[in-house]
Amino acid sequence: MSDTDAGPDANAASDGGGGWFEALPSDAADGNDIETESDDDATAAAAARIRDGTAPAPDDWPARAVESGFVDDADEYYDRLKAATTRATRDAVRERERADDAQLIHAVRAMDDCERVANELAERAVEWGGSLFDEVDPGIEGAREIAAREPESEVERRAISLAERAVELDGERAALAETIGRIAPAVAPNLTEMAESELAARLIALAGGLDPLAKKPSGTVQVLGAEDALFAHLSGRAPSPKHGIIYTHEFVRGTRPEDRGSAARALAGKLTLAARADHYAGERRERLHADLRERMATIRARADDGGTSDGADDEATTDGGTDDE
Amino acid sequence: MSDAALPDGVERREIDGTRRLATRGEPVYGEPTADGWRAWNPERSKLGGMLELGLETGLTGGETVLYLGAASGTTVSHVADFAGPTYAVEFAPRPARDLLDAAASRDRLFPLLKDARKPETYAHVVETDVDAIVQDVATRGQSDVAVRNAEFLADDGRLLLAIKARSEDVTADPETVFEGALDRLRETYEILETRRLDRYHEDHLGVVATPR
Ligand SMILES: C[S@@+](CC[C@H](N)C(=O)[O-])C[C@H]1O[C@@H](n2cnc3c(N)ncnc32)[C@H](O)[C@@H]1O
């Protein structure tokens, strides 16, 4: 919503208290179906004026638009207004929702923190509980068992209380996962459909936002989350990693080891396109998802044929080196 | 039509075995339809409730409307079905996304992601002398919003306002809240009619007013 996309003309016009259509070219953006490049530009300019313009008071805009020659009649005026307000609102909605990628990043980081701390506390509580009570399971489950006990001494009260904290934090982790599941589809519909909420959120977090993610080459997306391995590779100490966090995706993990490099490359290619679609268009693109399914079917068919990996799929900066997981 | 208070384009139609308020257009929120008519559920729409309760809205059909607090377009889609040019103002992006869908099949419904407390941010878009302002913002300062937007309304136009008591003060008695809200309105408007909408919307007051 910055005034940068409105341009100086638009601001000049709004200062003068003009209508949204003033200071716009009058020869483009007919309300017809044939959307030429310049129609589209004109609608974009009008939409920017709708979003960023102001006027001290309303006026009889339809009449003024006809008088000024912007349109021939009121019908044409409303057709143009329809195109411009639709575009303006769609763009603004998208921009505001996209801003929520920051919230998604906070949520996924908080979820990881909760998980780590819950496990740490649970481990401590279980170790402590093991010295007080018999037979305690490890991890959060063990903490849950301890938390369900009645304390019979001050020390037991503390150990049980600690276990309760671990269980509560685990509950917070689950609540954060649910929240991520709700907001990820709004922030990045295509990415979320392809990767599931959690992986979509992690990719966005690793990249530092949807905008930077959309600008990364697919080879980078492929190894996001494997920065340590990549660094080791670049300093000549290790083979190049074939995948980062996207390893958690069923398409990679569920593919036989010799084809995982191809699968990771193909998946990263489509995830990159999905992130771009989400960032630049914000609409679901069925083709993307169908393409990925097809590509994966081809790669997995190799296993059935008993064939070998050819490794020559998409554009990628890494090659099928070793299998690291 | 038996019901004189209904605008042209709003009728009571037999849908799913009951006579219901209805308009003609593409369905928006999963409402039942029959022969191209879509049921207008007064429980989901304050304006629907006002029409159902027989308030004199002054709506006749074909008028120019400014709608404040359009949300996902439940009510404003019905309005656009019978009215003329309809400006729909909503400030929350999430419902505005659905509003875009509702507006897609209605070529004189104009969606605007704007704050109704700041009319100067859409005065360059919304025309002057609209025939009706329909307002359902359900946030604190509801009368204030109506007062600020009075500049759009024609001298003989109608303000059709729903006031939600709890949006102003959760603890106060609704009647007290309504009185305060009406007092503020009277600075700019003449109140023509008020009616509690409780049959459909608990602790809501329907108001019909015209500029002073
Ligand atoms: C009760 S809902 C409206 C329901 C809608 N009128 C209908 O019947 O379909 C209230 C809406 O007003 C919006 N709203 C609240 N304050 C607003 C403001 N200052 N400007 C614009 N919209 C506002 C809220 O975001 C919410 O969507």
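The values are calculated or read from the model by the stated rules, or taken from the named source; none is laboratory data. Owing to the predicted nature of the structure, the values given are computational and were not obtained by experimental measurement. Backbone-built Cβ (ideal geometry, glycine too); neighbour counts: all protein chains shown. These area figures cover heavy atoms from the full protein model, side chains too; ligands, DNA and RNA do not enter into them. Shrake-Rupley method; radii C 1.70, N 1.55, O 1.52, S 1.80 Å.
With the simple spin-label model, which puts each label point 7 Å out from Cα in the Cβ direction, the B:Arg199 to B:Asp183 separation comes to 3.1 nm. Taking a 31 Å limit on the Cα-Cα distance, which of the listed pairs A:Lys82/A:Lys216; B:Lys46/B:Lys114; A:Lys215/A:Lys242 fall beyond it? Where the Cα-Cα span goes over 31 Å, the pairs concerned are A:Lys82/A:Lys216. Taken along the Cα-to-beta-carbon direction at a fixed 7 Å, the label points for B:Ala172 and B:Asp101 span 3.7 nm.
For the residues of A:54-66, the average number of beta carbons from a partner chain within 10 Å of their own beta carbon is 5. About its Cα centre, the dipole of the range A:100-186 is roughly 280 debye, where the only charges are +1 on Lys and Arg Cβ and -1 on Asp and Glu Cβ.
Among the GluC sites (Glu not before Pro) within the range A:138-203, those in coil by DSSP and having at most 10 neighbouring Cβ atoms inside 10 Å are A:Glu152.
Taking a ≥ b ≥ c as the square roots of the eigenvalues of the alpha carbon gyration tensor, the range A:162-265 is prolate, as a/c is not under 1.5 and a/b beats b/c.
Give me the percent relative contact order of chain B, please, defined on Cα pairs under 8 angstrom at least 6 residues apart.
Once divided by the residue count of chain B, the mean separation gives 17 percent.
With R₀ fixed at 25 Å, the C-beta to C-beta distance from A:Ala303 to A:Ala238 puts the FRET efficiency at about 0.40. Select from B:Gly17, B:Gly141, B:Gly58 the residue whose mean-square fluctuation is largest in a Gaussian network model of chain B (Cα-Cα springs shorter than 10 Å). Looking only at B:Gly17, B:Gly141, B:Gly58, the largest GNM fluctuation is found for B:Gly17. For a paramagnetic label modelled on A:Ala148 (point 7 Å from Cα along Cα→Cβ), amide N atoms under 19 Å away belong, within the range A:156-200, to A:157, A:159-172. In terms of overall dimensions, the C-alpha atoms belonging to the protein assembly as shown reach 79, 69, 51 Å along their principal axes, ordered largest to smallest. Between A:Ser131 and A:Lys215, take the C-beta separation as r, use R0 = 45 Å, and let me know the FRET efficiency to the nearest 0.05. The pair A:Ser131/A:Lys215 has a calculated efficiency of 0.25. Between A:Asp73 and A:Glu120, the simple label model (points 7 Å from Cα in the Cβ direction) yields a spacing of 7.4 nm. Looking at the protein assembly as shown, the DSSP beta bridges with both ends there are about 55 percent antiparallel.
Using R0 = 41 Å, the C-beta based FRET efficiency linking A:Asp40 and B:Ala5 works out to 0.35. Within the listed set B:Asp156, B:Asp98, B:Asp107, the residue fluctuating most in the Gaussian network model of chain B (springs between alpha-carbon atoms under 10 angstrom) is B:Asp107. B:Tyr200 sits with roughly 40 Å² accessible to a 1.4 Å probe, with DNA, RNA and ligands left out of the calculation.
By the gyration tensor of its Cα atoms, with a ≥ b ≥ c the square roots of the eigenvalues, what is the shape of the range A:100-186: rounded for a/c under 1.5, prolate for a/b over b/c, or oblate?
Note, shape of the range A:100-186 comes out prolate.
How would the range A:206-288 be classified by its alpha-carbon gyration tensor: rounded, prolate or oblate, with rounded meaning a/c under 1.5 and the a/b versus b/c comparison settling the rest?
Verdict is oblate for the range A:206-288.
Can you tell which of B:Ala70, B:Gly157, B:Pro93 lies farthest toward the positive end of the dipole of chain B, using +1 and -1 charges on the Cβ of basic and acidic side chains (Lys, Arg; Asp, Glu)? Going by the Cα projections, it comes out as B:Pro93.
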